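Worksheet: the structure to be examined is printed underneath.
The values are calculated or read from the model by the stated rules, or taken from the named source; none is laboratory data. All figures in this text were calculated on a predicted structure; none of them were measured in a lab. Counting neighbours? That spans all protein chains shown, and the Cβs are built from the backbone with ideal geometry, glycine included. These area figures cover heavy atoms from the full protein model, side chains too; ligands, DNA and RNA do not enter into them. Shrake-Rupley method; radii C 1.70, N 1.55, O 1.52, S 1.80 Å.
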Amino acid sequence: MRNTKPLGLAAMAAAAALTLTACGGGGEQAGGGETGGSGESVRIGIKYDQPGLGFRDGDQYTGFDVDVAKYVANELGYAEDQIEWVESPSANRENMLANDQVDMIFATYSITEERDQTVDFAGPYFVAGQDLLVRSDDTSITGPDDLEGKNLCSVTGSTSAQKVKEDQPGANLVEQPGYADCLTALESGQVDAVTTDDIILAGLAATEANQGKFKVVGNTFSEERYGVGLPQGSDQCEAVNEAITKMIDEGAWEEAVTANTEGADYQYNAELNPPEPEPCGE
């Protein structure tokens, strides 16, 4: 992080930071120059194509991941105008952390044993479940068992795509660089369903442009723990976990989930959410 404040001063710095709002501040697609009045900045990786989670519209950045990232950044002593938003596609996240292109990633980043070998994680801050999105008039697909011979779209490098390859070999997996590409293929009939985590599908279905076109099947078949990706060896894990816990305790976490899935008739798994961040280094 481009930050000279010791972690011990984070609480004092946070008290002086600006109150965060639901819409993001300015940023650049790549690491870019420093921002903020003090000349310090933090580079946060998010998705740009996931409505309800991480979405860019001009110079505005919105979604649940964005809201969590802004809350955490504030607790670490960064005002909103000190955040540089960096697009972080699924297939690039590990390399971006390893190559010092970002300081942390909030991008529906599932914690897995394989990824934990190359990056560090704080959190989780949400537990999702893999589900299916189909056209609103399609009654032929009610769960993963109905995917035999169907064209199924997911995003290259995602855990959803990997799970389909392992568990549903009879499905014809079509991988795309982003979820917007999958929705285009679904609407046109090129694919029969889109698969990823339930909250991502809810965000896609809830957008004004998509309302009435698609439906979430509502039959989850995995457990995905969304963590905050950090460079290996980072000293920020404890501070990030403390910020996540505070966000949950204050009710800001619940408000963020509700605001970003409104209109999708979505309910998160209350048995798994809100989660308790795991001890760092385990």
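Return the distance in nm (one decimal) between the two label points of a simple spin-label model at Asp167 and Gln211, each offset 7 Å from Cα along Cα→Cβ.
For Asp167 paired with Gln211, the spin-label model returns 3.2 nm.
Taking the Cα centre of the chain as the origin and placing charges on Cβ (Lys, Arg +1; Asp, Glu -1), which of Ala107, Val257, Gly170 is farthest toward the positive end of the dipole?
Of the candidates, Ala107 comes out farthest on the positive side.
Using a/c under 1.5 as the rounded threshold, could you call region 129-222 rounded, prolate or oblate? The axes a ≥ b ≥ c are square roots of the C-alpha gyration tensor eigenvalues, and prolate needs a/b larger than b/c, oblate otherwise. Intermediate results must be reported in sequence, preceding the final value.
On the way: a/c = 1.39, a/b = 1.29, b/c = 1.08.
Verdict is rounded for region 129-222.
Please report, in debye to the nearest 20, how large the charge dipole of region 129-222 is about its Cα centre when each Lys and Arg carries +1 at its beta carbon and each Asp and Glu carries -1 there.
Working: 6 positive and 15 negative charges, 21 e Å.
With Lys and Arg at +1 and Asp and Glu at -1, about 100 debye.
Which of rounded, prolate, oblate describes the chain, given a ≥ b ≥ c as roots of the alpha-carbon gyration tensor eigenvalues and a/c under 1.5 marking rounded, otherwise prolate only if a/b is larger than b/c? It would help to have the intermediate numbers written out before the result.
Details: a/c = 1.86, a/b = 1.75, b/c = 1.06.
Judged from the Cα gyration tensor, the chain comes out prolate (a/c at least 1.5, a/b above b/c).
For the chain, with every protein chain kept in place, what is the accessible area per residue (1.4 Å probe, Å²)?
Per-residue accessible area for the chain comes out at 44 Å².
Find how much the distance from Ser140 to Asp57 grows on full extension, using 0.36 nm per residue of separation minus their present alpha carbon separation; answer in nm with one decimal. Can you show the working numbers first?
Working: separation 83, 0.36 × 83 = 29.88 nm, distance 3.46 nm.
Full extension of this stretch gives 26.4 nm more.
Expected output is a single nm value to one decimal: the length gained when fully extending between Gln232 and Ala91, i.e. 0.36 nm times separation in residues minus the C-alpha distance. What is it? Don't skip to the answer; put the middle values down first.
Working: separation 141, 0.36 × 141 = 50.76 nm, distance 1.76 nm.
Computed gain between Gln232 and Ala91 is 49.0 nm.
Filter the cross-link list Lys163/Lys213; Lys47/Lys150; Lys150/Lys215; Lys70/Lys163 down to pairs whose alpha-carbon distance in this structure exceeds 23 Å.
Lys163/Lys213; Lys47/Lys150; Lys70/Lys163
Need one word for region 162-205: rounded, prolate or oblate. Basis is the Cα gyration tensor (sqrt eigenvalues a ≥ b ≥ c); a/c below 1.5 gives rounded, then a/b vs b/c decides. Don't skip to the answer; put the middle values down first.
On the way: a/c = 1.97, a/b = 1.28, b/c = 1.55.
Since a/c reaches 1.5 but b/c is at least a/b, the shape of region 162-205 is classed as oblate.
Summarise the accessible area of region 129-222 (1.4 Å probe, protein heavy atoms) by the percent that is carbon and sulfur.
Numbers: 1610 of 3930 Å².
With neighbouring chains kept in place, the figure for region 129-222 is 41 percent.
For Glu187, Glu84, give the ranking by accessible area with the largest first, probe 1.4 Å.
From most accessible down to least: Glu187, Glu84.
May I ask you to rank Thr108, Thr118 by accessible area, largest first, using a 1.4 Å probe over the protein chains only? Mind showing how you got there, number by number?
Details: Thr108 10, Thr118 75 Å².
These residues rank, largest area first, as Thr118, Thr108.
Using a 10 angstrom cutoff on alpha carbons, build the Gaussian network for the chain and name the most mobile of Glu271, Glu94, Glu75.
Ranking Glu271, Glu94, Glu75 by mean-square fluctuation puts Glu271 first.
Kindly work out what percent of the DSSP beta bridges joining two residues of region 129-222 are antiparallel, to the nearest 5.
Details: 7 of 14 bridges.
Roughly 50 percent of the DSSP beta bridges within region 129-222 come out antiparallel.
Could you give me the ³J(HN,Hα) list for region 176-184, computed from phi with Karplus coefficients 6.51, -1.76, 1.60 and θ = phi - 60°, whole Hz, x at Gly and Pro?
The phi angles translate into 10, x, x, 6, 4, 5, 5, 5, 4 Hz.
Let me know the charge dipole size of the chain about its Cα centre in debye, to the nearest 20, where only the beta-carbon of Lys, Arg (+1) and Asp, Glu (-1) is charged. If you can, show how the numbers build up before the last one.
Values: 16 positive and 50 negative charges, 94 e Å.
Roughly 460 debye for the chain.
Gain in length, Asp249 to Glu262, computed as 0.36 nm per residue apart minus the alpha-carbon separation, to one decimal in nm? Walk me through the numbers before you get to the answer.
Working: separation 13, 0.36 × 13 = 4.68 nm, distance 2.15 nm.
Going from the current span to full extension adds 2.5 nm.
Of the beta bridges DSSP finds with both residues in the chain, what % are antiparallel, to the nearest 5?
Values: 22 of 36 bridges.
About 60 percent, rounded to the nearest 5.
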